Amino acid sequence: MPTRLVILVLAATPLAATAAIDTYPLDPLHTSVSFAIDHLGLSMIHGRFSKYAGKITIDRVAKTGGVELVVETASVDTNDNDKGSRPRSRDEHLRSADFFNSAEFPRMTYKSTQVVFSGDTPTLVNGDLTLLGITKPVAITVDRFKCNPATATAKERCGGSASAKIKRSEFGMKRGIPNIGDEVLLSFGFEGDKE
Amino acid sequence: MSEIVGHPLFQGGLAPLVVALIVGFALARTRFAWLAIMPAYATMIALDTGFSLFPPTVARKTMAIGLLAPLVGIAADFYPRASRRIAVALVIVTALVSLWIFQTVLQNRDGANAIIAGAGVILFVAAMIAFMLRLRDDGVRAGAAGLGLGFAASIAGILSASIGALVAGAAIASACVAMLIVQVALSRMLAPGFTGTLPVGLLVALIAAGTQQLALLPWYALPLFLLVPLAAAMPVSHHRSSIVRATILAGYALAASAFPIGAAWYAARTAVQ
């Protein structure tokens, strides 16, 4: 009886390993959270956030996964942090209650509710974005996703790029519309080592 | 047209001024002329961000309390008890309400910082309400104080990276200018009572405290705002015509408003990136 039990456990072990959920904490050195927004119908102003944390989980067998992202809104950077002769810089204004309201809402978060696969590759993430205390569903298109296998000196590493569009007015961020666009293009570049 | 309607000077300046003039003249024969502050402020909100209560942020709670304050003022004006006791009660209640308004900001701070910031907001709001309520029997003084306070909140706001404060402060200033115009045009003083002084004092206090908590107004600008109602209480002969009194008192108030504006300007000039 014990021998049969050992055989059964050993036989089941590879299956269990295959079905395991792989977790990839985001590597801050190779991850970016950026955005672009229309200005006066002329150009696109580009910005990014420098402080964030998150992770990606994938179950390749069950074709499921998840994305969690927490962004520090005070880390917004639109390459205009030097006010020069102006009273305040654009980044200072973006942190104020007119836009990201960082003192009241220091973080925005994204939590997935569904990951859609095409073959073995995730192509779409549906989830909830919480910004300024308002939660709305946001779909993120995974433009690229690739993994490099583990080697003798390195863990398995996955990465890619993704994008989404939101209307900031839906989150209560209405200041400056239409001179500063309502639609915001979000772009993500990400990498993470398998935990 | 939409460019004009979307401009902060129209939203916070011209539109509230016109609305307050219409309501002020319409109610001039009643005790409620100073209710004009409420539709003027509501017009600014409608044109600027629109009405929304959820999630209850500092700005949304300020809006709700600002619209409620004139109604509380009417009730206080009708209350049969001694006016002085009601004033003290309103100072205490509004100070406590301010703590609720800023709760969402204070809870993001660590212990000592939250206590200091909360105590500062309470003291500032209480002092502002106390100083404004002292002007409740003199419509010209209250109008001049509201003009100076709104102007200070507006300019200090834009120097502190807050267009919201610019527009809201301008709306209060415009409404108070309208009430000065109504009194001068009718050559009759319209006592604001609690109905007029409570919303003006409370809104400006919350706008200024909000600019300090949520934008970049330095803390030392807040006590300087209190100079404005003090300046509007300075002696001016009652024998002068209402236009002369209004001009002199508005001059005092605007001169005093230079102090908080100067503090905001100084902070912006010396800010380290």
Flag if B:Met63 is more than 12 Å from chain A (Cβ to nearest Cβ), crowded, with 19+ Cβ neighbours inside 10 Å and free of Cβ contacts under 8 Å to residues at least 24 places away in the same chain: yes
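One line per residue, one yes/no per condition, for (1) within 14 Å of the chain's Cα centre (by Cα); (2) closer than 14 Å to B:Ala205 by Cα:
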residue: B:Met132; (1), (2): yes, yes
residue: B:Arg141; (1), (2): yes, no
residue: B:Gly150; (1), (2): yes, yes
residue: B:Ala153; (1), (2): yes, yes
residue: B:Leu159; (1), (2): no, no
residue: B:Ser162; (1), (2): no, no
residue: B:Gly169; (1), (2): yes, yes
residue: B:Ile172; (1), (2): yes, yes
Members of the range A:131-157 found to be within 14 Å of another protein chain (Cβ to nearest Cβ) and either farther than 21 Å from A:Thr109 by Cα or within 16 Å of the chain's Cα centre (by Cα) (or both), listed by number: A:Leu131, A:Thr135, A:Lys136
In the range A:141-180, anything among the aliphatic types (A, V, I, L, M), modelled with pLDDT of 95 or more and over 30 Å from A:Asp120 (Cα atoms) is listed as A:Met173, A:Ile180
Condition first: free of Cβ contacts under 8 Å to residues at least 24 places away in the same chain, in a helix (DSSP H, G or I) and over 18 Å from B:Leu202 (Cβ atoms). Now tell me which residues in the range B:75-118 satisfy that. B:Phe78, B:Arg84, B:Arg85, B:Leu106, B:Gly111, B:Ala112, B:Asn113, B:Ala114, B:Ile115, B:Ile116
All but one of (1) within 24 Å of A:Pro122 (Cα to Cα); (2) within 14 Å of chain B (Cβ to nearest Cβ) hold for A:Ala74, so report the exception by its number. (1)
If I filter the range B:50-60 down to residues being closer than 18 Å to B:Leu99 by Cβ and in contact (Cβ under 8 Å) with a residue 12 or more places away in the chain, which single residue comes out as farthest from the other protein chains (Cβ to nearest Cβ)? B:Pro56
Starting from the range B:205-231, keep only residues that are within 19 Å of B:Leu254 (Cβ to Cβ) and away from chain A (no Cβ under 14 Å), then list their pairs with residues that are among the acidic types (Asp, Glu) and buried (at least 24 other Cβ atoms within 10 Å of the Cβ) whose Cβ atoms are within a distance under 7 Å, requiring at least 6 positions of separation or different chains. none
Filter result for B:Gly193 (in contact (Cβ under 8 Å) with a residue 24 or more places away in the chain, touching a helix residue (DSSP H, G or I) at 6+ places or on another chain (Cβ under 7 Å) and surrounded by 24 or more Cβ atoms within 10 Å (Cβ to Cβ)): no
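To keep it simple, each residue is scored yes or no on (1) closer than 22 Å to A:Thr23 by Cβ; (2) buried (at least 20 other Cβ atoms within 10 Å of the Cβ); (3) in contact with a Gly (Cβ under 6 Å, 6 or more places away or on another chain); (4) in contact (Cβ under 8 Å) with a residue 12 or more places away in the chain.
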| position | (1), (2), (3), (4) |
| --- | --- |
| A:His39 | no, no, no, yes |
| A:Ile45 | no, no, no, yes |
| A:Arg60 | yes, no, no, yes |
| A:Val67 | yes, yes, no, yes |
| A:Thr78 | no, no, yes, yes |
| A:Arg95 | no, yes, no, yes |
| A:Phe99 | no, yes, no, yes |
| A:Arg107 | yes, no, no, yes |
| A:Val116 | yes, no, no, no |
Number of positions in the range B:128-184 that are in a helix (DSSP H, G or I) and within 14 Å of another protein chain (Cβ to nearest Cβ): 14
Given the conditions (1) more than 18 Å from the chain's Cα centre (by Cα); (2) assigned to a helix (DSSP H, G or I); (3) within 14 Å of another protein chain (Cβ to nearest Cβ), report the number of the one that B:Gln11 does not fulfil. (1)
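The values are calculated or read from the model by the stated rules, or taken from the named source; none is laboratory data. Here the structure is a predicted model, which is why all the values come from computation and not from measurement. When we count neighbours, we look across all protein chains shown, and the Cβ atoms used for this are built from the backbone with ideal geometry, even at glycine.
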